[in-house]
Structure formats: structure tokens, C-alpha cells
1. Look through segment 71-114, keep the residues that are outside any helix (DSSP H, G or I) and under 13 Å from the mean Cα position of the chain (by Cα), and return whichever of them is surrounded by the most Cβ atoms within 10 Å (Cβ to Cβ).
2. I'd like the full set of residues that are under 22 Å from ASN73 (Cα atoms), surrounded by fewer than 22 Cβ atoms within 10 Å (Cβ to Cβ) and in contact (Cβ under 8 Å) with a residue 40 or more places away in the chain, limited to segment 126-151.
3. List pairs: first residue in segment 75-92 and over 19 Å from THR56 (Cβ atoms), second residue among the basic types (Lys, Arg) anywhere in the structure, Cβ distance under 8 angstrom, at least six positions apart or on different chains.
4. Is it the case that segment 56-67 has a residue that's out of contact with any His (no Cβ under 9 Å at 6 or more places or on another chain), hydrophobic (A, V, I, L, M, F, W, C) and without any contact (Cβ under 8 Å) to a residue 60 or more places away in the chain?
5. Condition test on GLY68, is it at pLDDT 95 or above, within 19 Å of ALA144 (Cα to Cα) and either in contact with a strand residue (DSSP E or B) (Cβ under 8 Å, 6 or more places away or on another chain) or surrounded by fewer than 18 Cβ atoms within 10 Å (Cβ to Cβ) (or both)?
Amino acid sequence: MSRRRALRLEDRIREVPDFPKKGILFRDITPLLMDGEAFGECVGRMAGLVRGKVDTVLSIESRGFIFGSALANRLGIGFIPIRKQGKLPHKTYRMEYELEYGTAAVEIHRDALKKGARVVIVDDVLATGGTMKAAVQLARKCGARVTSILFLIELAALGGRRKLRGYPVSTLITY
């Protein structure tokens, strides 16, 4: 019986120099998403890290929704979106976070989680960690326990992991 060669997800990430501005090397996940086998492998690896340890998947708008909803489906559990300010129709909790120039905010429905729920929060890229830190604070405000944080990609040089100390952070690809 032949063994299938391990799929390297890194081979499905396109490097785009000088985007969105000169000097930035953008990691484009579009080729990974276009490849059904690679996308399935990605979601399967994420599921393997949290299966049996979480009750609900949360993810951050917008690319986090791609991975979070697929992960929730694979695990057979619920999915809850964390959205940009003003996008949710019901009563929300709101958390601001720092941007390079100014602040932004994310929100979650106040009734989204049961007290004590074990959650994983998923996003595509860990860069500076500000958005994920705000998402963690929202989950905790709802009374949930953040048992895992997952990313497809970590840009280690930007130090985002430091903002998430005390939480189990996993990434599939590190640059």
C-alpha cells in the first residue's frame, strides 16, 4: 500500500510583494481556498486540534468566517460570528482595540454563549494580535471559557502571540 505524501499547506499560500503598500509581503490564502483538497486538509488539521475540547466555534469577520464555519460544520457544533461594530442586529457586547492609526471595535450578541461554554476562536492570520485579544475579551464577557485559539497563519515577527499569553494558541503555518 502506498502512503500519501503529506500535503504542504505552505505551498498553497501565494506571496504578493508590495501589497497593500510598498515593503509589505502579503500572504494570499486564495490559492489554498481554491484547492478543495488543501482547504479540506486545513480544516481537518484544525478539527484535530480541538475535537472534543470545545462546544462552540467563534470566528472574526471576515476571513475568519471561512475557516470558523467550516470547522464548526466538521465538528458538528455551532458557529458564532464576531462582527465589526454595527453589523449585528440584536443587543451586543462591544470591545475596542488599537490599530496602527486609531481604534476599531468588534461585537458579539449578548445571548450568543452560555455561561461556561468551551469555545475555540478562529481567524486566518495572527499578526499583531489586537483583534483576537478583543475577541477573547468578548467571549469571556459572555461567560465562556476560551479553550483554544486557532490561526491558519502566524506572522511571528509581528509578536501577536504576546497579546494572547495565557491562552493555548495554535497555528498551522508560521512565517
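The values are calculated or read from the model by the stated rules, or taken from the named source; none is laboratory data. Only a predicted model underlies this, so the values are computations on that prediction, with no experimental measurement involved. All Cβ positions, glycine included, derive from the backbone under ideal geometry; neighbour counts span all protein chains shown.
1. Here is the first cut: in segment 71-114, the ones outside any helix (DSSP H, G or I) are 76-114.
Adding the requirement that they be under 13 Å from the mean Cα position of the chain (by Cα) leaves 79-83.
Values: PHE79: 17, ILE80: 22, PRO81: 21, ILE82: 30, ARG83: 18.
Filtering segment 71-114 for residues that are outside any helix (DSSP H, G or I) and under 13 Å from the mean Cα position of the chain (by Cα), the one surrounded by the most Cβ atoms within 10 Å (Cβ to Cβ) comes out as ILE82.
2. Correct list: THR147, SER148.
3. GLN85/ARG94
4. Keep residues of segment 56-67 that are out of contact with any His (no Cβ under 9 Å at 6 or more places or on another chain), which gives 56-67.
Imposing the further condition that a residue be hydrophobic (A, V, I, L, M, F, W, C) reduces the set to 57-58, 60, 65-67.
Now drop any that are not without any contact (Cβ under 8 Å) to a residue 60 or more places away in the chain, which leaves 65-66.
Yes, segment 56-67 contains a residue that is out of contact with any His (no Cβ under 9 Å at 6 or more places or on another chain), hydrophobic (A, V, I, L, M, F, W, C) and without any contact (Cβ under 8 Å) to a residue 60 or more places away in the chain.
5. Values: at pLDDT 95 or above: yes; within 19 Å of ALA144 (Cα to Cα): yes; either in contact with a strand residue (DSSP E or B) (Cβ under 8 Å, 6 or more places away or on another chain) or surrounded by fewer than 18 Cβ atoms within 10 Å (Cβ to Cβ) (or both): yes.
Considered against the rule, which asks whether it is at pLDDT 95 or above, within 19 Å of ALA144 (Cα to Cα) and either in contact with a strand residue (DSSP E or B) (Cβ under 8 Å, 6 or more places away or on another chain) or surrounded by fewer than 18 Cβ atoms within 10 Å (Cβ to Cβ) (or both), GLY68 comes out as yes.
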